[in-house]
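The values are calculated or read from the model by the stated rules, or taken from the named source; none is laboratory data. Note that the coordinates shown come from a computational prediction; the quantities given were computed from them, not determined experimentally. Ideal geometry is used to build each Cβ from the backbone, glycine not excepted, and the neighbour counts take in all protein chains shown.
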Amino acid sequence: MARLISQSDWATPMIVAVSLGVLISLFNPAFLSTFNIQVLLEAVSINVLIALSQMVIIAIGQMNLSVGALGGLAAVIFAGLMEVFGLPPIVAGALALGVGLAGGFLNGLLIGLTGISAFVITLATLSIFKGLNLAITQAQPFYEIPDAVKHFGNATLFGPFPIIFVPAALIVVLLVVFFNRLPVGRWLLAVGGNAHSAELSGISTAKTVVIAHAISGFLAACAGVLLVARLQLGQPTIGDDWLIMSFAAPIIGGAILAGGHVSTVATVFGVLIVAQITQALVLFHIDPFFVQVVLGLMILAAVSVNQWRELRMQRAGQE
Amino acid sequence: MSLVTSDARKPVRGPELMRLLLTNEFGLLLLIVVFGALFYSVSSGFLSSFNLNSMSRAAAINVMIGFSMMAVIATGGLSLAVGAIGVCSAMVCGWLLQEIGLPWPYALVAAIATGAALGAINGMIEVKTRLHSFIVTLATMSLFFGIMIFLTQAQTYRGIPASFVSFGRMKVMGLSATLGPTLVVAVALIVLYNFTRVGKEMLAAGAKPQAAMLSGVRVGRMIVLAHAISGGLAAIAALLLVARNGAAIPSMAGQQGQDWLLIAFLGPVLGGAVLTGGKISVVGAFLGAVLVTVLSNGLLLMQIGDFWLQATLGATLLLAVLLDLARRKFLERRAQ
């Protein structure tokens, strides 16, 4: 048992997340109130999708700057289709997720076929997606969200468990299966670990890159759609502040940025750590602006620890 | 990077003039003239004295933002924090002017020093931790910006002296006087990268760090220096923006300064900089940023709407890198 804990990827972030929760609730018992747990789970449900959207790309050793822009575009398309064309939420949601999938597919195609760095391609598509978003909305929010959607985004299933927790949990399970059980998932990690040897063993790098980016786009769109339901508003600014969040959680969960090594469960705990700290700052009446500073510091600390661990593992491997 | 199929790295056979016409820089110049003529034919207001002034003022700032990113690209890195550093420096300047009452030349120097110091912090973290500059500057972007917002409580400093603001509005031969500092910096950078040992060592550190280290270049120091230069230039860009707006505003580069990111990469990348480091063109980055400014200004005059502009600029970057790829493939095939 002890061996299992010390060897699994997610044990350390889990211990940190749990002790953090205990620590905060010792200082402020209100942390464990039903309402607070509900708010926490709502934030986690959406942020986990944002983080996984980036994690899939980190797995192949790349980065995706357009996560927020694509999620935001899907969000306003979801809200706009319901308000302007009166489409039923299911249809509008499916189309919005389709846009996310297509946008990610486009990213993957451009990177996979040309071999140009993911940074530059997604910086360019970031502006294209954001520009489309602003052109559609004229920077004005869509307010007419059907009651069913509002209910979906804010009601709880039982106790403090919000309904939006269900799709998020489902996606987490699917991704765990994807990376651990499906050949495609292993392709992603193989390409991230060493693209050249992956290619030599018969994996198409270009195809894998396209698949990863399509999944990333789809997950970003999921986050955007859920956020519209939760905010009860199709805001054009959705996604603007996702960049840091999307990297922070996978990195805190121990993802190695060079690619080839990610853990879905560890990323979930990464999201939980970030959400708890954000919540604690609010509970202790600390300036909300400070959240950014803390996130920045946490990223630096986490990457340093990961780097150090990797070096130690390398050294252990040499001996 | 341009429509003209040439590559500065490979010798082009033919007379001198032909060689000049086939350079990347000439291609950019040609595009600027073509688009300028196009916009002028659609709307004569394009070359009005009012528009020339505002366009040159925007160009002065855009070029400087591009230079700031180029300094880091030279060593093979990148910086997400240019916008955050710029805004932080501008806020320091605003605070010194309004709250401390320092004479403005001192405040300017202090602001540029702040930018350089913040850049140097990025460089030192990068060198010490051996992390990629992307992740370092992603973290420091939110750190710097968060601390600045925390300290200023997101308030705007409007107590900017009239003499400083009037510089932002001054015209020389129909163009904005703010182009002056930009041109001075451009010349200084040309000298740095082409004629000084330090500049050449910086490029060498970017091109082949291992080889550079073996031949005695202190690569770590060069990376810190490149980031410091980048920070200083970001500060100058932000100060030009302060002179234009007449105030130091925390949101002047958007959320965490991210609005500068696209323009910061467009100039150098259009100008032919290689993102893996070692090759940049100061003149190219200058012309690249001017081209982007002409495009933005012209498209706005044609009333395509503010919001389509961002999508167009993104598409421009995409087109530019794809064309560059096609050009290199073409040259490779011809070489075989």
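Brief remarks on what is shown
- Every residue from the stretch B:254-279 that is in a helix (DSSP H, G or I), surrounded by fewer than 24 Cβ atoms within 10 Å (Cβ to Cβ) and at pLDDT 85 or above: B:L262
Rundown of residues vs (1) more than 11 Å from chain B (Cβ to nearest Cβ); (2) basic (K, R); (3) in contact (Cβ under 8 Å) with a residue 40 or more places away in the chain; (4) on the phi > 0 side of the Ramachandran plot, yes/no style:
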| position | (1), (2), (3), (4) |
| --- | --- |
| A:T264 | yes, no, yes, no |
| A:A275 | yes, no, yes, no |
| A:Q279 | yes, no, yes, no |
| A:V282 | yes, no, no, no |
| A:P288 | no, no, no, no |
| A:V293 | no, no, no, no |
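- Check on B:S281, under 22 Å from B:S133 (Cα atoms), of a type in the set (G, A, S) and more than 9 Å from chain A (Cβ to nearest Cβ): yes
- Options B:L183, B:L225; residue that is assigned to a helix (DSSP H, G or I) and surrounded by 18 or more Cβ atoms within 10 Å (Cβ to Cβ): B:L225
- The one condition from (1) more than 10 Å from chain B (Cβ to nearest Cβ); (2) under 29 Å from A:E83 (Cα atoms); (3) not β-branched (V, I, T) that A:P236 does not meet is (1).
- Positions within the stretch A:63-108 being within 14 Å of A:G217 (Cα to Cα) and outside any helix (DSSP H, G or I), in sequence order: A:M63, A:N64, A:L65, A:S66
- Only one entry of B:R244, B:R221, B:R333 meets the criterion of being more than 10 Å from chain A (Cβ to nearest Cβ) and either at pLDDT below 85 or touching a strand residue (DSSP E or B) at 6+ places or on another chain (Cβ under 7 Å) (or both), and that entry is B:R333.
- Among the residues listed as A:I111, A:I128, A:I116, A:I145, the single one being among the aliphatic types (A, V, I, L, M), outside any helix (DSSP H, G or I) and within 14 Å of chain B (Cβ to nearest Cβ): A:I116
- When A:A139 is tested against the conditions (1) within 11 Å of chain B (Cβ to nearest Cβ); (2) outside any helix (DSSP H, G or I); (3) crowded, with 17+ Cβ neighbours inside 10 Å, the lone failure is (3).
- Count of the stretch B:102-149 residues which are touching a residue at least 60 places away in the same chain (Cβ under 8 Å), among the hydroxyl-bearing types (S, T, Y) and within 8 Å of another protein chain (Cβ to nearest Cβ): 1
- Screening the candidates B:T129, B:T156 for the property of being touching a Ser or Thr at 6+ places or on another chain (Cβ under 9 Å), hydroxyl-bearing (S, T, Y), modelled with pLDDT of 90 or more and surrounded by fewer than 17 Cβ atoms within 10 Å (Cβ to Cβ) yields one hit, B:T156.
- Scanning the stretch A:252-273 for residues that are in contact with a Leu (Cβ under 7 Å, 6 or more places away or on another chain) and either hydroxyl-bearing (S, T, Y) or part of a helix (DSSP H, G or I) (or both) yields A:T264, A:T267, A:I273.
- From B:L309, B:L299, B:L325, residue being closer than 24 Å to A:D240 by Cα, outside any loop (DSSP other than H, G, I, E, B) and within 13 Å of another protein chain (Cβ to nearest Cβ): B:L309
- Criterion (within 17 Å of the chain's Cα centre (by Cα) and more than 14 Å from every other protein chain (Cβ to nearest Cβ)) met by exactly one of A:L73, A:L101: A:L101
- Residue check, B:L102 more than 11 Å from B:A234 (Cβ to Cβ), crowded, with 19+ Cβ neighbours inside 10 Å and either among the aromatic types (F, W, Y) or at pLDDT below 95 (or both): no
- Residue in the stretch B:103-112 that is part of a helix (DSSP H, G or I) and under 24 Å from B:R221 (Cβ atoms) present: yes
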